[in-house]
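The values are calculated or read from the model by the stated rules, or taken from the named source; none is laboratory data. Values in this document were obtained by computation on a predicted structure and should not be read as measured data. In this analysis, Cβ positions are derived from the backbone assuming ideal geometry, glycine residues included, and neighbour counts consider all displayed protein chains.
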Amino acid sequence: MEPGNHSAPGIVAEAIVAVTEAKLPLDCLLIDYRLDDGNGLDAILELRRRFGSHLPAILITADRSLHLRRDAQVHDIQFLNKPLKPAALRALLAQYRIRRIAAAE
């Protein structure tokens, strides 16, 4: 997805419809980098544009390139490499939960 082009690719469009129809708030985005019709980084940016730039996001990928890690960091997206370690994912989700609870107080 090019900057300024806000037409969502298929899987992102499906996610937008599903979230909108469910009428439930999003707590966190957990997205793989390799998607059939785009990439997870662009998907996160589009979902944040639609549902709030405040959404915590985790990008899961086997791509260990420094430029991808930097791109994720620039957009405040956590980065987890495959094979995914369940403890690392649990730790990030726990951090997001603690932040959400603290923000609500």
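Per-structure values
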item: Enumeration of residues in the stretch 35-74 that are within 22 Å of Val19 (Cα to Cα), in a loop (DSSP other than H, G, I, E, B) and not polar (S, T, N, Q); result: Asp36, Asp37, Gly52, His54, Leu55, Pro56
item: Residue under evaluation Pro25, criteria (1) more than 21 Å from Leu92 (Cβ to Cβ); (2) more than 13 Å from the chain's Cα centre (by Cα), criterion not met; result: (1)
item: Count - residues of the stretch 45-70 that are of a type outside the set (A, V, I, L, M), touching a residue at least 12 places away in the same chain (Cβ under 8 Å) and surrounded by fewer than 19 Cβ atoms within 10 Å (Cβ to Cβ); result: 6
item: Gly38 vs. criteria crowded, with 16+ Cβ neighbours inside 10 Å, within 14 Å of the chain's Cα centre (by Cα) and at positive phi; result: yes
item: Residue in the stretch 96-105 that is at pLDDT 95 or above, loosely packed, with under 15 Cβ neighbours inside 10 Å and part of a helix (DSSP H, G or I) present; result: no
